[in-house]
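What follows draws every value from the coordinates through simple rules; no lab data is involved. Worth saying up front: this structure is predicted, and the values here are computed from it rather than measured. All Cβ positions, even for glycine, are placed from backbone atoms using ideal geometry, and neighbour counts span all protein chains on display.
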Amino acid sequence: MLPILQIGPLAIQLPGLLVLLGLWLGLSLAEKYAPGRGIRSNQIYSFTILAIVAGVLGARLVYVLRFFSNFAHSPESVFSLSSELLDPTGALLGVGFVFWNFIHRIKINPWLLLDALAPILAVLAVAGALSNLSSGKGFGAPTQVPWAIFLWGEWRHPTQIYELISAGITLGIYWPSHQHIQRGAPGIYGLSLLAVTAALRLFLEVFRGDSVTLAGGYRLAQLIAWAILALSLWAITKRPSQPPSTE
């Protein structure tokens, strides 16, 4: 684990830097291939900025609503920069709202936009795994498997490495220049990437030791993954298997 990267007098928060680097690389990749889908590069950039802002605000708002009594005693905590005070469901709602508003305001094909944004998701999955590996977050449950790592006082599943390997393979399979991706009907690329990402989260969450659990022992991440997987697969069945013929 390397949460702090010391370069001379500079102490750099490496986990955050890795996420920012992943966002930049994902944006660069998406902007490169977006024109081939009829989406302008500046539209990708504008959407991403709006989605980040809305995602953070939505995540904080939902977290505050969930734990309102805590913030009632210290309202200044609402403006804390801590990433611990963010709710993933709120982030999804914020991004979803921006997506819906963007396609109606710009009059853009939502399936083409989803496909154009897909590389950002694929690269961010790799960056997120590297960030967790650096910080020690996303750690695994205690285990006795031969490849366990010693972390936080116990031998645990190396879930950060599981996630890094699976995200790297997914990125390789869904690299936007592949012919099988370019030939698909609008929406299939983005939807299938969402489905695979959700399925992997559903599986890998079993090995996590820091999952947020709800009443009844249900893991929040798995419930979200189930919903995304089901919606993605349902949407795929409604899309044509091949792009419309131009003849």
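Key figures for this structure:
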read-out	value
In region 23-83, chymotrypsin sites (Phe, Trp or Tyr not before Pro) in a DSSP loop with at most 14 other beta-carbon atoms within 10 Å	Phe67
log₁₀ of I(q)/I(0) at q = 0.13, 0.18, 0.22 Å⁻¹ - region 63-120, Debye sum with one point per alpha carbon	-0.52, -0.73, -0.86
Formal net charge of residues neighbouring Gly58 (Cβ-Cβ distance under 14 Å; K, R +1; D, E -1)	+1
Residue among Ser131, Leu92, Ala215 farthest towards the positive dipole end of the chain, charges placed on Cβ	Leu92
CD proxy at 222 nm, helix term only [per DSSP H run n ≥ 4: -39500 (n - 2.57); per residue of the chain; nearest 500]	-20500 deg cm²/dmol
On Cα atoms only, tilt of 41-66 relative to the major axis of the chain in degrees	40
Region 47-128: trypsin sites (Lys or Arg not before Pro) in DSSP loop, at most 11 other beta carbons within 10 Å	Lys107
Separation between Cα centres of region 143-199 and region 71-135, rounded to whole Å	18
Placed amide H near Arg156: partners under 5 Å, 5+ positions off or other chain	Thr143, Ile149, Phe150, Leu151
Net length gained if the chain between Arg239 and Lys137 were fully extended (0.36 nm per residue, minus Cα distance)	33.0 nm
Distant-in-sequence amide H partners of Arg208 (H built 1.01 Å from N, under 5 Å)	Ala141
³J(HN,Hα), Karplus 6.51/-1.76/1.60, whole Hz, each residue of region 201-210, x for Gly, Pro	4, 4, 6, 5, 4, 4, 8, 6, x, 10
Gyration tensor verdict on region 35-181 (Cα atoms; rounded if a/c is under 1.5, prolate if a/b is larger than b/c, oblate otherwise)	oblate
Cα shape, the chain, gyration tensor, a/c 1.5 rule	prolate
Two-site label geometry, Ser69 and Arg183: point separation in nm, points 7 Å out along Cα→Cβ	6.0
